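Quick notes on the structure that follows.
The values are calculated or read from the model by the stated rules, or taken from the named source; none is laboratory data. No experiment lies behind these values; they were computed from the predicted model shown. Don't worry about glycine lacking a Cβ; one is built from the backbone with ideal geometry, like all the others, and counts go over all protein chains shown.
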């Protein structure tokens, strides 16, 4: 018997109206939950309409608020089985399971929801949020297939957000582990056919390497050997579409990590011959050597070669030429369309500009833009921060500034996240801005204005902003306090600022590495970075262990940013506290702190109010020196 839809069960308009009136009343009851008989009323509603997921969801949320967790989970599960796309129920259900250490149960339910409704992005959002911190104990094709589907949903997430669980899954694939353990390049070459066969049977690996760097040294060695084997030991003359597809994936990976693998003398010599062979073949109208071209593209970006623009490219190489040739040409054309707010004159600003003109950072592929737009108060609530009462609630078209937007990830995500907002995004680097502008146009985002210029010249805009976001920027200025003061002057009274700064304690290990390995002589070149990195790898000691914790170690411009930036300051939380006092800015909290950390800070600082105390956070960091290994990311507010 086919189950009837809700509207078939409510078979007249009067009953439909009654249902929605009662539902609205139940939603209001659940939201306020001041009444003694709230649970009883929502339970009665659920019993009256057992086919509706709404009743079970509201009942589950109400039970959760009252700490009846088992009853909450039971009802939320019923809601999800009836309606897998109930985002409120999904969010509450996942949070409850995670808080109780039951990640596996939550993932099982989400997998069931996916099987019921595999096309809705809401479920996939919840799924990747649940698996992003998972370490897998075994490999299954079903799990690998779900990851591929996530990655195929372009712009659902940044691929780097799920690279860790993907690596942990691939590490459990037995035949992949076996070829990763081959000890020498010579042995690898002799088993090349078997290696290629296994890689072609592992589409998840091929998919992820096309989209982001691979922060895992075992897989790096595998990919480096594969690249070298194609160049030196494979018969590239032999047409083979499967091999060519694998070569294109590898070439996209090397382009994305900016050829961080470098090359040895044997490879350099062979590449000279390969470049000449391709040039001669094209000039003599011979059969196009596509496998040779794909091999070259894993060592050199194809846009370096004039002939790359004059080819009729086969369909299965479209993506390679799009990313290595056509996109870059498009960015060059966009440079002149970007407005400027003044001439960059300050010495450090010019040096930072030059670094990022040479290395736009990062050259990303996908991004998380399939999210709901929210008001500023809703965003603050989601971030878990505590703000002063303000008029921002009433701002229907907020002005948002992204100070230091880089290649556009930050500005694009802000444009989607802030409802009805206008985004102004500024950066020192035209190369970065042209990349950002291209991606913004491709995503059909209309509410961003890109500006080329220096934070030091922002006051010339004569604009006040509701929110200013500046992460990873102030610590690269010669005088961070001056930059921060200028940003504050552009902030509306009661306006919010999201700030990201480097931690002195968390980055102490980087200072130790540089002291042990020595500084690089400037100017910094890619060749110097490759050689430095290879010395670290050859030593395979403490220095490598410290650096391998950072995903930045696996991409050229990110490694340059990590170790060889032209200007970098780090801070302690006590220093930041003093800076905020001097600036008269109110600390609103660190962004998205997990419950376990909140408990630890509260216990060490004397209660929940300590979450707004930088002294309490300083004490916590002394015992957890790597907690802020990325950055301190926090919100502040202008009080007047």
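Name, by its number, the condition in (1) in contact with a helix residue (DSSP H, G or I) (Cβ under 8 Å, 6 or more places away or on another chain); (2) in a helix (DSSP H, G or I); (3) under 25 Å from residue 195 (Cα atoms) that does not hold for residue 136.
Here residue 136 clears every test but (2).
Hey, can you tell me all the residues within segment 67-84 that are within 15 Å of residue 95 (Cα to Cα) and outside any helix (DSSP H, G or I)?
Those that are within 15 Å of residue 95 (Cα to Cα) and outside any helix (DSSP H, G or I): 67, 68.
Return a yes/no flag: does segment 466-473 have any residue that is at pLDDT 95 or above, part of a strand (DSSP E or B) and more than 20 Å from residue 413 (Cα to Cα).
no
What pairs come up if the first residue lies in segment 68-83 and is at negative phi, the second is surrounded by fewer than 20 Cβ atoms within 10 Å (Cβ to Cβ) and not in a helix (DSSP H, G or I), and their beta carbons are under 8 Å apart, counting only those six or more places apart or on different chains?
Close Cβ pairs satisfying both conditions: 69/100; 82/51.
So which residues in segment 49-65 are surrounded by fewer than 21 Cβ atoms within 10 Å (Cβ to Cβ) and either under 18 Å from residue 95 (Cα atoms) or not assigned by TED's automatic domain parsing to the domain that holds residue 92 (or both)?
Scanning segment 49-65 gives 64, 65.
Considering only segment 498-523, state which residues are touching a helix residue (DSSP H, G or I) at 6+ places or on another chain (Cβ under 8 Å), without any contact (Cβ under 8 Å) to a residue 60 or more places away in the chain and assigned to a loop (DSSP other than H, G, I, E, B).
Matches in segment 498-523: 520, 521.
Working only within segment 285-320, note down all residues that are over 31 Å from the mean Cα position of the chain (by Cα), surrounded by fewer than 16 Cβ atoms within 10 Å (Cβ to Cβ) and outside any loop (DSSP other than H, G, I, E, B).
If the condition is that a residue be over 31 Å from the mean Cα position of the chain (by Cα), surrounded by fewer than 16 Cβ atoms within 10 Å (Cβ to Cβ) and outside any loop (DSSP other than H, G, I, E, B), then 306, 307, 309 are the ones that fit.
Count, please, the residues in segment 576-598 that happen to be closer than 14 Å to residue 613 by Cα and without any contact (Cβ under 8 Å) to a residue 24 or more places away in the chain.
Of the residues in that region, 3 qualify.
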